[in-house]
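Reading through the structure tokens given below for one structure.
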Amino acid sequence: MNNQSADNLDVAIIGSGLGGLISACILSEYGYKVAVFEKNAQIGGTLQTFFFDGVKFDTGVHYIGGLDKGQPLYPYFKYLGLFDDIEYKKLDPDGYDHFSFEGDDQTYPHAQGYNNFVAKLGHFFPEEREGIKRYIQKVKDVCSAFSLYYLKSEPNINKELELLYESAKDVINSCVSNRKLRAILGANNLLYAGGKGNSPFYVHALVSNSYIESAYKVVGGGSQIARVLARKIKANGGIIYRANGIREFLIEGKTIKGIVTDKAEVVRAKNYISNIHPTTTLKMMDHSKLRKSYTNRLLNLSNTISAFVVYIVLKERTMKHRNQNRYHIAVEDVWDSEPKNMQDWGKSFAVYFTESKKHKGYCRALALITYMKWEDVDRWDQTENHTLKPDERDESYQKFKEKRAETLIENASNILPELNDSIESYTTSTPLTLRDYIGGPEGSLYGVDRSFKSPMKSHVNSRTKFKNLFFVGQNTTMHGVLGVTIGAVNTCSHLIGRKELVDRIRVASE
Ligand SMILES: Cc1cc2nc3c(=O)[nH]c(=O)nc-3n(C[C@H](O)[C@H](O)[C@H](O)COP(=O)(O)OP(=O)(O)OC[C@H]3O[C@@H](n4cnc5c(N)ncnc54)[C@H](O)[C@@H]3O)c2cc1C
């Protein structure tokens, strides 16, 4: 690190996930001197991409929603310059997501556009049209109640609080009565790890609504977003340090006095923004001066389950491309879909398709994703493996991955019969991979698990008990590109002022 340039920082940002990068972008645009410290060689957190056998894969972010003018993500992306130099491809308007169920040959779509959504599902359930409309109206009402979702500067705290206690399952069930339709409406819950049945409806609504409004893939992968943000940060005078994480926060009373990098340098700033998990952040400091009720809550946050992913390179021109995502459900109850044993492991999964660049209309790659518990891999938890520390895990780990990949591919072949003969090669990731590349406890998919049963237990305020430390990222407001973007604006508004920042975003996006 060039110590000279990290002097006199206004804000030090720990972690270059989407939340860290957006915060650095906004604050540097306002003239703050910022530096981002990232432990990995590649910035972006779950926006990272990687090449395998010459094909680029996304590690997280497969599609984003609400990107058209007048929709929730549009003003933020416009203000951040994320329409410049990035190509977005709209997924199939009549079914961006398709859902299939074990024992039922039909697939059911979630279509883009509110009316289209009702019409496409109403086709299968004509007697439930009014119920689907009620569901859509409820989704819209909940989204409108969250002020920053549609860029309002004044929050309606009471309304927002009230919504935290509604269960996704109960609200959906209250709108429609057909069992299959209820399952179809809740079947996208892998998008928020809702397989334990404790998800609040607002989480379901904020995620689902953005895709119903419009659903896009980032051509070239989510890392394009990180690349454009990094360029803006640097143009504004900000600094990004890669492969130099933070291992300690230095405390004096209730003030952060500095941070210590992996290279043992001490960096001092007026303010600090942590883009890493709150529990991990707290473990990196002496928090004895803080109230126990606060620290205990943050140290004991419960997190969403992790995942196992098979990234498959397909032989050219062997499988037709689908401009959609596929979710296959093999459980009776979509709200009880976390695997309990090896027998039901890998039966429900998501498939994300990538089109061939050379042969349009054909699929070149796909990712199969299914839940995986930390306990399945915790026997290797003392090992570390990422680009900066390639440490060969033992043969038993390779065998474990191989067996799980075979199971998942076999299950996926039942719904994609051409898959088996199309595979050129594949690689896998486990909860250990997510932990090592992102840093979240136990490789959690989306960080803190939000529950309608006790929402305050999982609530992480972006302001902390230290006056100059703030949180940003999926563990504060919400996960996902939209949730984290909105959360970063919320975090930055503590320094800039909410009205000022919201007005600036609004003007820039007009
Ligand atoms: C498999 C998967 C699929 C997903 N699919 C989608 C999708 O299709 N659409 C969507 O909208 N969202 C999706 N998400 C969610 C979305 O990607 C995340 O919610 C969001 O990107 C998280 O951003 P974040 O700011 O919280 O940072 P994170 O991505 O959590 O990044 C945190 C960063 O902090 C760094 N860090 C950790 N510890 C340290 C340290 N000590 N010092 C310095 N740096 C450190 C990490 O290396 C990392 O770069 C997906 C997530 C996963 C895991």
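The values are calculated or read from the model by the stated rules, or taken from the named source; none is laboratory data. Worth saying up front: this structure is predicted, and the values here are computed from it rather than measured. Here the Cβ is made from the backbone with ideal geometry for all residues, glycine too, and neighbour counts use every protein chain on show.
Brief remarks follow.
- Selection within the stretch 146-177 - among the small types (Gly, Ala, Ser), buried (at least 19 other Cβ atoms within 10 Å of the Cβ) and over 17 Å from Trp335 (Cβ atoms): Ser147
Residue by residue, here is whether (1) under 17 Å from the mean Cα position of the chain (by Cα); (2) closer than 28 Å to Val309 by Cα holds:
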{"site": "Leu18", "(1), (2)": "yes, yes"}
{"site": "Ala24", "(1), (2)": "no, no"}
{"site": "Glu29", "(1), (2)": "no, no"}
{"site": "Glu38", "(1), (2)": "no, yes"}
{"site": "Leu47", "(1), (2)": "yes, yes"}
{"site": "Phe51", "(1), (2)": "no, yes"}
{"site": "Gly54", "(1), (2)": "no, yes"}
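- Meets criteria (surrounded by fewer than 20 Cβ atoms within 10 Å (Cβ to Cβ), hydroxyl-bearing (Ser, Thr, Tyr) and either assigned by TED's automatic domain parsing to the domain that holds Thr477 or touching a helix residue (DSSP H, G or I) at 6+ places or on another chain (Cβ under 8 Å) (or both)) for Tyr202: no
- Tallying residues that are crowded, with 19+ Cβ neighbours inside 10 Å, outside any helix (DSSP H, G or I) and away from the ligand (no atom under 16 Å from the Cβ) within the stretch 178-197 yields 1.
- Ile256 vs. criteria over 28 Å from the mean Cα position of the chain (by Cα) and modelled with pLDDT of 95 or more: yes
- Within the stretch 320-351, the set of residues being in a loop (DSSP other than H, G, I, E, B), touching a Ser or Thr at 6+ places or on another chain (Cβ under 9 Å) and over 15 Å from Ala193 (Cβ atoms) comprises His321, Ala330, Trp345, Gly346, Lys347.
- Checklist (1) in contact (Cβ under 8 Å) with a residue 12 or more places away in the chain; (2) surrounded by fewer than 16 Cβ atoms within 10 Å (Cβ to Cβ); (3) more than 10 Å from the ligand (Cβ to nearest atom) applied to Ala235, failing item: (1)
- Residue in the stretch 24-40 that is within 11 Å of the ligand (Cβ to nearest atom) and more than 16 Å from Tyr272 (Cβ to Cβ) present: yes
- Among residues of the stretch 453-497, those that are away from the ligand (no atom under 15 Å from the Cβ) and crowded, with 24+ Cβ neighbours inside 10 Å, counted: 0
So that you can scan it fast, the table gives a plain yes or no per residue for (1) crowded, with 16+ Cβ neighbours inside 10 Å; (2) more than 22 Å from His110 (Cβ to Cβ); (3) at pLDDT 95 or above:
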{"site": "Arg322", "(1), (2), (3)": "yes, no, yes"}
{"site": "His328", "(1), (2), (3)": "yes, no, yes"}
{"site": "Ser356", "(1), (2), (3)": "yes, yes, yes"}
{"site": "Gly361", "(1), (2), (3)": "no, yes, yes"}
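- The strands (runs of 3 or more DSSP E) found wholly in the stretch 1-94 and carrying at least 2 residues that are surrounded by fewer than 22 Cβ atoms within 10 Å (Cβ to Cβ) occupy 9-14, 49-52, 55-58, 88-90.
- Single residue of Leu366, Leu282, Leu301 found to be without any contact (Cβ under 8 Å) to a residue 24 or more places away in the chain and within 16 Å of the ligand (Cβ to nearest atom): Leu282
- Checked against the criterion of being buried (at least 19 other Cβ atoms within 10 Å of the Cβ) and outside the structural domain of Ile14 (by TED's automatic domain parsing), the candidates Arg379, Arg450 yield just one match: Arg450.
- Hey, Asp105 away from the ligand (no atom under 14 Å from the Cβ), acidic (Asp, Glu) and assigned to a strand (DSSP E or B) or not: yes
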